[in-house]
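Since the structure comes first, as structure tokens, the remarks are kept for the end.
Derivation of every value follows stated rules applied to the coordinates shown; laboratory data play no part. Predicted model only: the values in this text are computed from it and were never measured. We place every Cβ from the backbone using ideal geometry, glycine too, and count neighbours over all the protein chains shown.
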């Protein structure tokens, strides 16, 4: 499935990718695997990362990323290595948190809304139950927030909750992607925005596939 790229500057993308690989090569792979909730096979020098119902494979120390389904990895070529190495500051809050409340998120908030939340609203809000069905295909677990919501198993330490609210008293439909307060420990705010865009795209793709099958 195609994946939207938050990293529009190709030169910047290449530099970010090179820096991610350099940082990955410097870690203790078994320690990183334990901390991030993933598997590491020392014989194959390979991380296996559960992601939205499938698996990502990250070679060590080269940082090459592949998907179990052999689809194009897109932004995950940067997000997966970053997930293995990044250390930020978690928020001192409970429950679920909007993206805009993440540290440093303001400069990426507009892109996050356009590439994640607004796309979910346009694609799924007229039929909230479609979010539940699409999320289930990605390993999502139904939640009780909004008119329809599901917790998506993105990276093992970074669940993402997708929520839909239907139209009510003149207020239009809307969607939100929420994170746990620990999320900024594992990924920078720009990476969290890209993760939201990827999660939105996978949800929408599953919904489109269901309509095609129907």
Problem set entry | Whole-Å distance, taken between Cα centres, linking segment 33-49 and segment 70-134 | 24 Å
Exercise. Over segment 21-101, with a single point scatterer placed on each C-alpha, what log10 of the ratio I(q)/I(0) does the Debye formula yield at q = 0.18, 0.21, 0.25, 0.27 1/Å?
Worked result: -0.78, -0.97, -1.21, -1.33
For this session: Would you mind calculating the relative contact order of the chain from Cα pairs under 8 angstrom and at least 6 residues apart, reporting the percent as a whole number?
Result: 25 percent
Problem set entry | Two-site FRET efficiency, residue 69 against residue 127, from Cβ-Cβ distance with R₀ of 35 Å, rounded to 0.05 | 0.85
For this session: Provide, for q = 0.18 Å⁻¹, the log10 of I(q)/I(0) from a solvent-free Debye sum over equal Cα point scatterers in the chain.
Result: -1.34
Exercise. Expressed as an acute angle from 0 to 90° and rounded to the nearest 10, what is the orientation of the C-alpha long axis of helix 76-85 relative to the principal long axis of the chain?
Worked result: 60 degrees
Exercise. So which residue, out of 34, 143, 62, gets the largest mean-square fluctuation from a GNM of the chain using Cα contacts under 10 Å as springs?
Worked result: 34
Seminar exercise, completed: Expected unfolding gain across residue 19-residue 55 under the 0.36 nm per residue rule, minus the alpha-carbon gap, is 10.7 nm
Seminar exercise, completed: Volume per residue (Å³) of the convex hull spanned by the alpha carbons of segment 97-213 is 95 Å³
For this session: Sum -39500 (n - 2.57) across every DSSP H segment of at least 4 residues in the chain, then divide by the residue count to get the 222 nm mean residue ellipticity, nearest 500.
Result: -11500 deg cm²/dmol
